[in-house]
Amino acid sequence: MITYNGRVTGLLSKLDLSRAWVDLERHSDNGVFSCEDIDPDFADYAQVDDDHRRDAILGTIGGGNHFVELGYVDHVADGAFARAAGLKSGSVVLVVHSGSLDFGQRVGTATKERARIASRSGEDWRVLSMEMQPHLYRRYLDGHANAVNAAFANRFFIELAAVEAVARALGREVDHRLVYDAPHNTVWQNGNIVRHRKGACPARGVGVMASSPYEWLGEPVILPGSMGDGAWLLAGCGSSSFLESAAHGAGRKLSRQEARSKTNIDGGLRVVGPVDPRSPTLRGRQDVVAEIQARLKEEAPAAYKPIDSVVAPMVEADMIKKIARIRPLITVKG
Ligand SMILES: Nc1nc2c(ncn2[C@@H]2O[C@H](COP(=O)(O)O)[C@@H](O)[C@H]2O)c(=O)[nH]1
Ligand SMILES: [Mn+2]
């Protein structure tokens with residue numbers, strides 16, 4: 001915590017802990033994946049090294065597809081659910097899509113290495129068995145839960161920073177409430193049932209989110225499309241045929257490589273970045289300009305599937321229900 005003359009300063013001075021506690025019920029699993037221990041590799045990761053504290057990256061977006069997007073509700077499909085979520089037509093919404101930065105990836109890499117070392121000759125070390133390697137398996141689930149919990153914290157700090165940025169732009173405090181926070185690409189263990197939702201998120205139905213506003217409505221599902229399409233707020237139907245899951249995003253239509261080679265794919269988006277491709281300082285550096293433009297094409301709306309083409313079949317199959325559509329205004333990419 002940063003203090004100056006005994007006062008809390010910086011972003012943490014904006015932290016309203018009572019609000020944060022109340023919002024916990026609007027998190028998947030109340031914002032905590034339980035674990036038996038902290039993976040020692042993971043503990044090292046958050047400690048000081050020669051140059052910097054790596055935990056200082058908490059509150060940053062990360063890379064790849066991850067983003068923070070300011071938008072507004074332009075269509076409400078289910079008024080009762082939207083009201084429970086605190087939304088109505090025209091509400092301003094911040095969509096945060098970010099994970100554990102590279103914590104989770106490190107846990108995965110370390111687990112594979114441990115499994116390879118522990119394997120006997122002739123065994124397939126790529127299969128981690130609950131029965132054969134209970135210690136390794138437990139350690140994997142613990143490290144995994146550590147990463148998921150770090151991701152909850154990461155999104156919490158992003159929310160704090162983004163709300164402060166909006167407040168400063170408007171010159172006044174802004175009232176805000178969390179709609180929902182859930183992880184995806186994650187392992188959920190419930191008794192003997194283990195569900196690995198890859199490219200998917202939970203879409204549990206009525207009755208699962210006890211003591212939250214969603215208890216009798218179904219679990220919220222936030223499905224982003226692209227910086228052109230924005231996102232849909234949906235509600236899970238708890239369909240056992242689909243393992244109480246839904247797609248976690250529209251997904252790519254073009255690979256990054258395919259998108260880079262297309263012309264006129266950016267759809268006329270106005271891009272503001274740390275490097276302005278029109279800057280005179282870049283004259284004579286066509287290689288730099290070409291790389292910036294290629295990266296913009298990778299994330300262009302046309303590189304992703306149209307959001308409605310992904311949502312419609314899931315609605316038809318009773319996986320999810322439509323609640324509210326969110327149109328994008330400004331997207332910040334990692
Ligand atoms: N509203 C926006 N949606 C976006 C953007 N970039 C990607 N996406 C969608 O989100 C998920 C992210 O997937 P993941 O691979 O990181 O888990 C993806 O399915 C896209 O459809 C954006 O800028 N805005
Ligand atoms: Mn993701």
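Observations on the structure shown:
- Scanning the stretch 308-329 for residues that are assigned to a helix (DSSP H, G or I) and closer than 18 Å to Ser245 by Cβ yields a total of 7.
- Of everything in the stretch 227-240 that is open to solvent by 30 Å² or more (accessible area, probe 1.4 Å) and in contact (Cβ under 8 Å) with a residue 12 or more places away in the chain, the residue that is farthest from the chain's Cα centre (by Cα) is Cys237.
- The set of residues in the stretch 194-226 being open to solvent by less than 10 Å² (accessible area, probe 1.4 Å), part of a loop (DSSP other than H, G, I, E, B) and of a type in the set (A, V, I, L, M) consists of Ala203 alone.
- Close pairs (8 angstrom Cβ cut-off, 6 or more residues apart or separate chains): without any contact (Cβ under 8 Å) to a residue 12 or more places away in the chain and on the phi < 0 side of the Ramachandran plot in the stretch 197-216, open to solvent by 50 Å² or more (accessible area, probe 1.4 Å) and away from ligand 1 (no atom under 16 Å from the Cβ) anywhere: Glu215/Val206; Glu215/Val208; Trp216/Val206
- Among (1) surrounded by 14 or more Cβ atoms within 10 Å (Cβ to Cβ); (2) farther than 19 Å from Pro183 by Cβ; (3) of a type in the set (Val, Ile, Thr), the one test that Thr111 misses: (2)
- Residue selected from the stretch 161-193 under the condition surrounded by 15 or more Cβ atoms within 10 Å (Cβ to Cβ) and of a type in the set (D, E, K, R), by the criterion farthest from Ile222 (Cα to Cα): Glu164
- Near pairs, Cβ below 6 angstrom, 6+ apart or cross-chain, from the stretch 174-190 (within 13 Å of Pro202 (Cβ to Cβ) and within 15 Å of ligand 1 (Cβ to nearest atom)) to any residue that is basic (Lys, Arg) and modelled with pLDDT of 90 or more: Asp181/Arg155; Asn185/Lys198
- Of everything in the stretch 67-101 that is crowded, with 16+ Cβ neighbours inside 10 Å and acidic (Asp, Glu), the residue that is nearest to ligand 2 (Cβ to nearest atom) is Glu69.
- Residues that are over 22 Å from the mean Cα position of the chain (by Cα) and part of a loop (DSSP other than H, G, I, E, B) were ranked within the stretch 74-108; the one that is farthest from Gly218 (Cα to Cα) is Gly90.
- Residues located in the stretch 20-63, provided they are surrounded by 13 or more Cβ atoms within 10 Å (Cβ to Cβ), modelled with pLDDT under 85 and either within 16 Å of ligand 1 (Cβ to nearest atom) or not in a loop (DSSP other than H, G, I, E, B) (or both): Asp41, Phe42, Tyr45, Arg54, Asp55, Ile57
- The stretch 56-73 residues that are closer than 20 Å to His176 by Cβ, paired with ones that are at pLDDT below 80 (beta carbon under 7 Å, 6 or more apart): Ile61/Gly334; Phe67/Gly334
- Among the residues listed as Gly284, Gly249, the single one being part of a loop (DSSP other than H, G, I, E, B), over 21 Å from Ala182 (Cβ atoms) and either within 16 Å of ligand 2 (Cβ to nearest atom) or open to solvent by less than 80 Å² (accessible area, probe 1.4 Å) (or both): Gly284
The values are calculated or read from the model by the stated rules, or taken from the named source; none is laboratory data. What you see is a predicted model, and the numbers here were worked out from it, not measured in a lab. Counting neighbours? That spans all protein chains shown, and the Cβs are built from the backbone with ideal geometry, glycine included. SASA here: full protein model, heavy atoms, side chains in, ligands and nucleic acids out. Shrake-Rupley method; radii C 1.70, N 1.55, O 1.52, S 1.80 Å.
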